[in-house]
């Protein structure tokens, strides 16, 4: 059973869209797959939401429709051949817009709300106030599921430094956040500010929210603010700028005459700003006794109070502490508990737990690609599958993609078999636009983001494979446990929470920009255990996710097939010494820098070794003494490793370099990128190589490796002999048995 | 006036600030009328939609002139008015068939909704005869696809129900009443007395029946002679025609096609 969501508009900065995204997160944590469908999908969000016209639910599915102002989707909901639910975000009372075009849409929205009532299996209000309106509209089975907030996204560290700087200055600073609409009563904020100026001439008023510069209402506000100092209309802000505005404010003020929930109230609480709010509609419920609510707008009085809240710590601090306590009510955990109660009667009962631990557990191995593909994590997944096959009944759950840049479907969907391992492939539904993806990456990397942006990045990263997610959600009884590979990709980010209670993750963590995304918390905190490849990887995880799941360094086994370097030289006509790199040839792997260093080396030294490159290429590879061989087979690779002067590992982002271990296994030393802690650790522990960070250290390292090739090679061989597959297999089995045993109990 | 907050010494704070206001020579504790507010009443969809269809069936009739823009926006209004004035005859020609079509849609909807209301009344009467409470099965949401059992003839179903009285008989448990329309008291320390609230149509009662619709006021005044609807003559008017005149800028003709309203979204910052 899938739980889809239907929403009129899914665009950035929309509270309803954010609610849908949050609901999807909770539903995944509850084990339900499902997509978001919208009438209007914001530019760049096509990976997260599909057009409403594409919604084709199965009879057993549930569609939750987010209702606000009038939308044709309400009619569509009533005719959907499945179970239906309404999530009500409230509608502004039409009395505020009498005689304006908006009035019709508001009343029509209420008529639609009532019309849907007999057709809804469940109705969800985001506040008790909204739930009461649902009952008044004729709904039964009404529940309150509050919106939630991620407080860490409103920390000072999440604020835009430029905006913080821009807004720094004397106080007190009053802040109002919402769309500039008449019923939000921005004019009352201005009146209050006028009163505050009488007490504190340096006071400022920040007004945040989308507005139409030419609108009558906004122009009237501008007229009202004319002659008052310190009034700033900031308009719509990015998330980081919004946090900066909150963090610059002394008091958050809401003069709104109607709120069905009041998201800015809890955002202000999360940003540790005292809240002063007119007790309209659901505002008292949202505040729940925290902050300060009032029932009459006496501006001189509240100017005094706003100044007190700004300056009197004996008043301010207890209010902030109370707001922080109140925030617990708006946590993801509270919302999930409420949602579980709301959906209780609609969901199938969970299957009974097995009475005894199966001898040969059925394990689903989830990885983004599988088969004839180049990639360290994918290769590791294949090796683990092959070594675990005698102990587990493994099914590899993967996509039909071969190329990780485009995710184009290359393998046929459905059952397959690779080297005796069962594989079940699901089609990828979206081809990646790598240029657009790189542009988005530049926008979101190393900056504080809202969840929507991070989810958008994961969707663009891909591969988007709803079939795989649906399989995970609906066939839980077919597997005793799951083994996910690589933290980074969408199948893990969105698939792991579906089965987290039975999942192990081999994260292959790199210290790279995306790991700073808060969205990956579910990936590192929810599985039963994280199986790391090196101690350095563990350090990275602890740095970014202190609340991570149990970890264990399992390492990786290394095969040592017989190899002949001379055979490789002869086959490819190589006369000189050569450096070797085998892997994906792309800038992200540091190949560009390697080519530059090699070019400089050739210019300085006539007897400089050649550079042999092998693997799939996504970049131009040329230069004096550079040989690109394309994909080579396994035997060829081991022959190449055995015959190389040294193996170069240019990547900065590694969780473990299999290539390094395979080089050691052939008695060949390595020259690795010294900016990767993992590679430095591998070299330091083995003593079988050197590191480089620039051209000089590259040349120096190469000279040392050349001089000491034989003793270094021996050290490398000794190092890998300690890392055998039997130990690795035993560790995986132990962790899976722990899951089975715990689930049985 | 009330200050609500668990973490503030409300009384002390009020008296402290009142004292300061007194020292500043500002009025304190003046009586202010607290606006009434409660849960919004239910809008009966069948009646609302019928009225909306009647109001908007004539595609040649203009929506009232409106602009959300000040200043130069007024010029746009004048331009729109001039267009209507000069081109109404062409608008009538271009939208003639649409007007006829809309009239059929309106009449069909009127007929169907009247039938639904009549059937609902009959169902209510039948239920009343059975004991006042809908059978459990009837309280389930209406499926989009008619289940097989629903396709059996009513008489057959009645026989089945008689044969299985335990299953079909309405239980003695009272039907779930509509909740009070104000938020729960513990979650709503609003400080507004109940007497301040406007009575709402749905408060404390079952949802309104079709005939007891809560309807919005007509959004716009229909203009005078030049604005005569071109819908079928004699069609019933669901809403009274207010006599208020159009805005000076609109004059009487006001025959304008409305620019599509921007899509309304939730809160945007």
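Matching residues to (1) in the same structural domain as residue A:505 (by TED's automatic domain parsing); (2) farther than 23 Å from residue A:658 by Cα; (3) at pLDDT 95 or above:
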site	(1), (2), (3)
A:356	no, yes, no
A:383	yes, no, no
A:392	yes, yes, yes
A:395	yes, yes, yes
A:402	yes, no, no
A:406	yes, yes, no
A:422	yes, yes, yes
A:427	yes, yes, yes
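Against the definition (in contact (Cβ under 8 Å) with a residue 40 or more places away in the chain and within 16 Å of residue A:505 (Cα to Cα)), how does residue A:383 come out, yes or no?
Working: in contact (Cβ under 8 Å) with a residue 40 or more places away in the chain: yes; within 16 Å of residue A:505 (Cα to Cα): yes.
Yes: the conditions hold for residue A:383.
Taking only segment A:127-139 into account, find how many residues are more than 31 Å from the chain's Cα centre (by Cα) and facing another protein chain (nearest Cβ under 7 Å).
Of the residues in that region, 7 qualify.
Say we look at segment A:101-126 and pick out the residues that are farther than 21 Å from residue A:3 by Cα and in contact with a helix residue (DSSP H, G or I) (Cβ under 6 Å, 6 or more places away or on another chain); which of these is farthest from the other protein chains (Cβ to nearest Cβ)? Please lay out each step first, then the result.
So the first thing to find is which residues in segment A:101-126 are farther than 21 Å from residue A:3 by Cα, and the list is A:101-112, A:114-115.
Add one more test, that the residue is in contact with a helix residue (DSSP H, G or I) (Cβ under 6 Å, 6 or more places away or on another chain), and what stays is A:103, A:106-107, A:111-112, A:114-115.
Numbers: A:103: 5, A:106: 8, A:107: 4, A:111: 4, A:112: 7, A:114: 5, A:115: 4 Å.
So, considering only residues that are farther than 21 Å from residue A:3 by Cα and in contact with a helix residue (DSSP H, G or I) (Cβ under 6 Å, 6 or more places away or on another chain), the one farthest from the other protein chains (Cβ to nearest Cβ) is A:106.
On the given criteria, is residue A:495 modelled with pLDDT under 95 and either more than 24 Å from residue A:425 (Cα to Cα) or surrounded by 23 or more Cβ atoms within 10 Å (Cβ to Cβ) (or both)? Don't jump to the end; show me each part of the working.
On the way: modelled with pLDDT under 95: no; either more than 24 Å from residue A:425 (Cα to Cα) or surrounded by 23 or more Cβ atoms within 10 Å (Cβ to Cβ) (or both): yes.
No: the conditions fail for residue A:495.
Could you tell me which residue of segment A:60-84 is surrounded by the fewest Cβ atoms within 10 Å (Cβ to Cβ), considering only residues that are farther than 26 Å from residue A:106 by Cβ and either away from every other protein chain (no Cβ under 11 Å) or free of Cβ contacts under 8 Å to residues at least 24 places away in the same chain (or both)? Give the derivation first.
The first filter runs over segment A:60-84 and keeps only residues farther than 26 Å from residue A:106 by Cβ, leaving A:60-62, A:81-83.
Then keep just the ones that are either away from every other protein chain (no Cβ under 11 Å) or free of Cβ contacts under 8 Å to residues at least 24 places away in the same chain (or both); that gives A:60-62.
On the way: A:60: 12, A:61: 19, A:62: 23.
Among residues in segment A:60-84 that are farther than 26 Å from residue A:106 by Cβ and either away from every other protein chain (no Cβ under 11 Å) or free of Cβ contacts under 8 Å to residues at least 24 places away in the same chain (or both), the one surrounded by the fewest Cβ atoms within 10 Å (Cβ to Cβ) is A:60.
Which numbered condition in (1) within 14 Å of chain B (Cβ to nearest Cβ); (2) touching a helix residue (DSSP H, G or I) at 6+ places or on another chain (Cβ under 7 Å); (3) closer than 23 Å to residue A:244 by Cα is the only one that residue A:224 fails?
(3)
Given the structure, is residue A:33 within 21 Å of residue A:153 (Cβ to Cβ) and touching a residue at least 24 places away in the same chain (Cβ under 8 Å)? Before you say what the answer is, go through the steps one by one.
Working: within 21 Å of residue A:153 (Cβ to Cβ): no; touching a residue at least 24 places away in the same chain (Cβ under 8 Å): yes.
No; evaluated as a whole, the condition is false for this residue.
Within segment A:47-59, is even one residue surrounded by fewer than 18 Cβ atoms within 10 Å (Cβ to Cβ) and in a strand (DSSP E or B)?
Residues of segment A:47-59 that are surrounded by fewer than 18 Cβ atoms within 10 Å (Cβ to Cβ), as a first pass: A:51, A:53-54, A:56, A:58-59.
Now narrow it down to the ones that are in a strand (DSSP E or B): A:51.
Taking every residue of segment A:47-59 in turn, at least one turns out to be surrounded by fewer than 18 Cβ atoms within 10 Å (Cβ to Cβ) and in a strand (DSSP E or B).
Residues are listed down the side, and each one gets a yes or a no for (1) within 25 Å of residue A:540 (Cα to Cα); (2) in contact (Cβ under 8 Å) with a residue 24 or more places away in the chain:
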{"residue": "A:645", "(1), (2)": "no, yes"}
{"residue": "A:655", "(1), (2)": "yes, yes"}
{"residue": "A:669", "(1), (2)": "no, yes"}
{"residue": "A:693", "(1), (2)": "yes, no"}
{"residue": "A:701", "(1), (2)": "no, yes"}
{"residue": "A:705", "(1), (2)": "no, yes"}
{"residue": "A:725", "(1), (2)": "yes, yes"}
{"residue": "A:735", "(1), (2)": "yes, yes"}
{"residue": "A:744", "(1), (2)": "no, yes"}
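Being crowded, with 22+ Cβ neighbours inside 10 Å and outside any helix (DSSP H, G or I) is the filter here, so list the residues in segment A:451-478 that pass it.
Those that are crowded, with 22+ Cβ neighbours inside 10 Å and outside any helix (DSSP H, G or I): A:462, A:463, A:464, A:465.
The values are calculated or read from the model by the stated rules, or taken from the named source; none is laboratory data. Keep in mind the model is a prediction, meaning the values are calculated, not measured. All Cβ positions, glycine included, derive from the backbone under ideal geometry; neighbour counts span all protein chains shown.
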